[in-house]
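A.B. asks: Could you have a look at this structure, given as structure tokens, before my questions?
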Number of protein chains: 2
Amino acid sequence: MGVTKTIYYTSEQNELAAIAKALAHPARIAIIDYLLKVNKCICKDIVNELSLAQPTISQHLKELKSVGLIQGSIEGTAICYCINHKTVGLLQAYILKIATQLKCEDTNCC
Amino acid sequence: MGVTKTIYYTSEQNELAAIAKALAHPARIAIIDYLLKVNKCICKDIVNELSLAQPTISQHLKELKSVGLIQGSIEGTAICYCINHKTVGLLQAYILKIATQLKCEDTNCC
DNA sequence: TATATTTATCGTAATATTGCAATATAATTA
DNA sequence: TAATTATATTGCAATATTACGATAAATATA
């Protein structure tokens, strides 16, 4: 008990849930927002921007990276992070699918 | 420790994280997928569709409802659920904002 | 009114998440 | 090579999530 039964769902459902989970924290939304603003930055910049300790930011970046929402490349002692448009596109396609398939335009459809 | 510091983020960031959190489970994605297919249904239908107990489905529906992704109305002894297009629109707008603001089209931007 | 039907709530066990201090790692610079 | 800089990892405490049996609540039906 307490364990998500991933085997019961499709791989697409599991993947989308994983991407949503990566965005399911205001700090990680704030990181995405900041990356959108500055295009690319290093971990230290985010530590300066948000009110969280360096290990906490590092952990959040790891989670965003693990689902492919961001990517990082080594630049000297630092690591440069940016948003991965491919994963954003995947998410966008799903939300668009929901929006277009919605037959009920009423606020009270049932 | 262990508590999300919501005060440090904007209300928009907190709201988006809450909507993402509601989608951060394959069972809830599966519920949305099912609702998309059948347009509207009752809790019992989802219990028959997914491999989860009734209290578990009820809990998942509660979470989707709490962020406004779905809505329910009483129909006799049952409750009819459907997707709320307003909240979907809110999410769509955010993803679209990310997609359009993305300056880096390369797979390796940094 | 008793029974059936449908959903919600409560309580609880197992597991996951969050945040950070301490520390490790890895590349650069003096 | 020693010190510096930037990030990752480890370990831990506090809290949250997930799942379900038992049960409550609310409406419909016989």
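A.B. asks: List every residue pair whose Cβ atoms sit under 7 Å apart, with the two residues 6 or more apart in sequence or on different chains, where the first one lies in the range A:45-66 and is at pLDDT 95 or above and near DNA strand D (Cβ under 10 Å from one of its atoms) and the second, anywhere, is assigned to a helix (DSSP H, G or I) and among the hydroxyl-bearing types (S, T, Y).
C.D. replies: Every condition considered, the pairs that remain are A:I46/A:Y34.
A.B. asks: So, in the range A:55-66, of the ones that are touching a helix residue (DSSP H, G or I) at 6+ places or on another chain (Cβ under 8 Å) and surrounded by 14 or more Cβ atoms within 10 Å (Cβ to Cβ), which residue ends up nearest to B:L90 (Cα to Cα)?
C.D. replies: Only one residue fits best here, namely A:L64.
A.B. asks: For the range B:48-55, indicate whether the set of residues that are within 21 Å of A:R28 (Cα to Cα) and at the interface with another protein chain (Cβ under 10 Å from one of its Cβ atoms) is non-empty.
C.D. replies: No, the range B:48-55 has no match at all.
A.B. asks: Same structure, new question: Exactly one of these conditions fails for A:Y9: (1) surrounded by 20 or more Cβ atoms within 10 Å (Cβ to Cβ); (2) touching a residue at least 60 places away in the same chain (Cβ under 8 Å). Give me its number.
C.D. replies: (2)
A.B. asks: Could you identify the single residue in B:E75, B:E12 that is at pLDDT below 95, within 11 Å of another protein chain (Cβ to nearest Cβ) and more than 15 Å from the chain's Cα centre (by Cα)?
C.D. replies: One residue alone meets the criteria, B:E75.
A.B. asks: While we're looking at this one, here's another question. Residues to consider are B:L69, B:L90; find the one that is surrounded by 14 or more Cβ atoms within 10 Å (Cβ to Cβ), more than 7 Å from chain A (Cβ to nearest Cβ) and modelled with pLDDT under 95.
C.D. replies: B:L90
A.B. asks: While we're looking at this one, here's another question. Is there a residue being of a type outside the set (D, E), buried (at least 17 other Cβ atoms within 10 Å of the Cβ) and facing chain B (nearest Cβ under 7 Å) anywhere in the range A:37-45?
C.D. replies: yes
A.B. asks: Could I ask something else about it? Give me a count of the residues in the range B:16-36 that are more than 7 Å from chain A (Cβ to nearest Cβ) and in contact (Cβ under 8 Å) with a residue 60 or more places away in the chain.
C.D. replies: Going through the range B:16-36 one residue at a time, the tally reaches 1.
The values are calculated or read from the model by the stated rules, or taken from the named source; none is laboratory data. Since we're looking at a predicted model, the values are computed, not measured. We place every Cβ from the backbone using ideal geometry, glycine too, and count neighbours over all the protein chains shown.
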